[in-house]
Amino acid sequence: MELSSSPRLLSSSTSLMLLKPKVGFRVPQISSSPFHFHRSVSSLKLIGRMEFNRTVCCASSSEGNGSPVLPSSGSRVGEVKRVTKETNVSVKINLDGSGIADSNTGIPFLDHMLDQLSSHGVFDVHVRATGDIHIDDHHTNEDVALAIGSALLNALGDRKGIYRFGDFSAPLDEALIHVSLDLSGRPHLSCDLQIPTERVGTYDTQLVEHFFQSLVNTSGMTLHIRQLAGKNSHHIIEATFKAFARALRQATEYDPRRLGTVPSSKGVLSRT
């Protein structure tokens with residue numbers, strides 16, 4: 001609006017000096033909002049500092065001080081090869097993958113379950129294994145799980161910036177499985193599955209718990225598995241792997257509020 005002079009203002013020499021420029025001048029509208037009331041020079045400086053700090057925070061993420069979307073290497077990958085007199089296993093897992101599943105263990109049902117881990121965790125999982133399956137599937141099942149746990153441990157590194165905890169319940173028809181896990185560095189398994197049959201196809205259902213115990217031992221993970229419902233053995237086992245995949249995905253993803261710090265009051269999450 002145009003500034004207008006009043007008799008009171010004109011009576012003041014100071015006011016006349018302020019009105020001397022004959023230039024159209026518009027006074028900005030003052031908002032009633034507490035965030036915009038009195039936009040003084042000091043408030044503008046505060047906003048400037050906030051913008052600067054936000055820029056520095058974003059820039060620092062690539063230098064390890066912030067919470068990056070991805071590490072500087074582009075992805076978190078763990079690769080392990082395990083060779084014994086009983087098995088020969090190689091595993092590569094990319095936690096920042098797109099859900100590519102490529103598993104051939106010589107145990108068809110286990111391959112099917114590893115596909116669930118990849119698909120629902122959105123991890124790239126590559127597994128190759130040969131073993132003494134002419135005896136039974138025990139050694140191959142165990143060593144594949146040990147290698148996956150070790151690869152996961154390697155991919156997680158110092159675990160900075162991750163959520164750490166994961167919790168998910170997965171239904172599959174009549175079956176419902178709940179999984180809760182903590183990437184604490186402390187291996188522990190509590191498994192409560194009531195699988196009604198001894199086998200699914202040729203796969204010994206006792207090997208399900210043994211698979212997760214082996215994975216927990218090498219990854220340093222606390223894992224709780226609870227069966228809330230279920231009658232079909234295939235459904236129970238598959239729902240377990242799906243719930244585990246989703247919980248693991250939650251735990252390994254980055255927490256934007258964590259700002260790249262270790263999610264522990266101790267300041268460290270260690271396998272030892």
*Only one of (1) out of contact with any helix residue (DSSP H, G or I) (no Cβ under 6 Å at 6 or more places or on another chain); (2) farther than 21 Å from Val77 by Cα is not met by Arg159, so which one is it?*
(2)
*asked:* Six or more apart or on different chains, Cβ atoms under 6 Å: show the pairs whose first residue is in the stretch 153-165 and at negative phi and whose second is at pLDDT below 85.
replied: Lys160/Gly260; Lys160/Val262
*Answer yes or no: is there a residue in the stretch 38-55 that is of a type in the set (Gly, Ala, Ser) and at pLDDT 50 or above.*
no
*Starting from the stretch 166-178, take each residue that is assigned to a loop (DSSP other than H, G, I, E, B) and list its partners that are surrounded by fewer than 18 Cβ atoms within 10 Å (Cβ to Cβ), counting only C-beta distances under 9 angstrom and pairs at least six apart or across chains.*
Asp173/Asn232; Glu174/Ala229; Glu174/Lys231; Glu174/Asn232
*Only listed residue being in contact with a strand residue (DSSP E or B) (Cβ under 7 Å, 6 or more places away or on another chain) and farther than 21 Å from Ile236 by Cβ, chosen from Asp158, Asp182, Asp137, Asp167*: Asp182
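The values are calculated or read from the model by the stated rules, or taken from the named source; none is laboratory data. Please read these numbers as outputs of a predicted model, since none were measured by experiment. Every residue, glycine among them, receives a Cβ derived from its backbone with ideal geometry; neighbour counts consider all protein chains shown.
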